[in-house]
Amino acid sequence: MQHFANPLLRHVIYTGCFDAASKRQCLQYLRALRTMQLNGFNTVFLGETHIPESLVTGEKIAKEANLRWPVWTLVHASSSQGWVPWRYKLLLRDDLPIHQQNGIFQELCDSLTASYGKCVIVTRDKTQPMHVGAKDGKEPETGTLPPVPPAIYMSGIEFCPEVARANGHEFLVVPSSYNYLYPMDVAWSCLKWFIINNRKDFALRSIERTHSYRCILLSDLIVKGIEKMTPNKWKITMNRVKRWENYYLDTLS
């Protein structure tokens, strides 16, 4: 009996520690975010979403074949007022020249400075969950900034916290276990539903003697899809995020 009980006990202990670390990480993130907001930083959420060619064309293909099809990555940012006044990037996956990588984030920082002043840029690190916190179980101090990776990559673009700080901004990573604190997923869902429901309206078909082909106005489709996430929808989404922030601050403190 002892032979079977030990693995179960280890699993329970590991899960409990994992949850405690995740809660400490969330509390540290929220306290840092609120402190920056009180100090005059505007909150900007930065994110990416992948748009496979099958989503644009509507063709149903096998999962294995889908992995070989082109995939575009859309990188954009938003604030409580809506999409930030920055030209989003629509890139073919892994097709961005290396010499252009650093310039894109600098371009975003310049745009944020001109439009909002100093900002706290919040994003999500998909590479690995970051479970941090004091090993002795103590709560993090209010003024302690949560650790962030040296750089986060989106479709080959490097987003470096040091570049953000050099431009007067700060950089935070939303805890991976708390998706309700990250509003970009709502925007991506809105965009993709628009693509699914309206892709036929952005397609041109040409019929020749021996063959026919279809041209999809991808850029126009993306622009209209982004516009569907209106400032009013952003306001509703951000208010929902704010309620979740208040909830976690109350329950985890």
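Only strands (runs of 3 or more DSSP E) wholly contained in the stretch 151-253 count here; list those with 1 or more residues that are surrounded by 11 or more Cβ atoms within 10 Å (Cβ to Cβ), within 17 Å of the chain's Cα centre (by Cα) and at pLDDT below 90. Spell out how you get there, then give the answer.
Numbers: elements: 152-154, 157-159, 170-173, 203-207, 212-216.
Filter on the stretch 151-253 gives 152-154, 157-159.
Determine, yes or no, whether PRO140 is part of a loop (DSSP other than H, G, I, E, B), modelled with pLDDT under 90 and under 18 Å from the mean Cα position of the chain (by Cα).
No: the conditions fail for PRO140.
Give the residue, chosen from GLU107, GLU59, GLU64, GLU53, that is within 20 Å of LYS192 (Cα to Cα) and either loosely packed, with under 15 Cβ neighbours inside 10 Å or at pLDDT 90 or above (or both).
Details: GLU107 fails: within 20 Å of LYS192 (Cα to Cα); GLU64 fails: within 20 Å of LYS192 (Cα to Cα); GLU53 fails: either loosely packed, with under 15 Cβ neighbours inside 10 Å or at pLDDT 90 or above (or both).
Every option except GLU59 fails the conditions.
What pairs come up if the first residue lies in the stretch 182-207 and is free of Cβ contacts under 8 Å to residues at least 24 places away in the same chain, the second is in a helix (DSSP H, G or I) and among the aliphatic types (A, V, I, L, M), and their beta carbons are under 6 Å apart, counting only those six or more places apart or on different chains?
Close Cβ pairs satisfying both conditions: PHE202/LEU221.
The values are calculated or read from the model by the stated rules, or taken from the named source; none is laboratory data. Owing to the predicted nature of the structure, the values given are computational and were not obtained by experimental measurement. Counting neighbours? That spans all protein chains shown, and the Cβs are built from the backbone with ideal geometry, glycine included.
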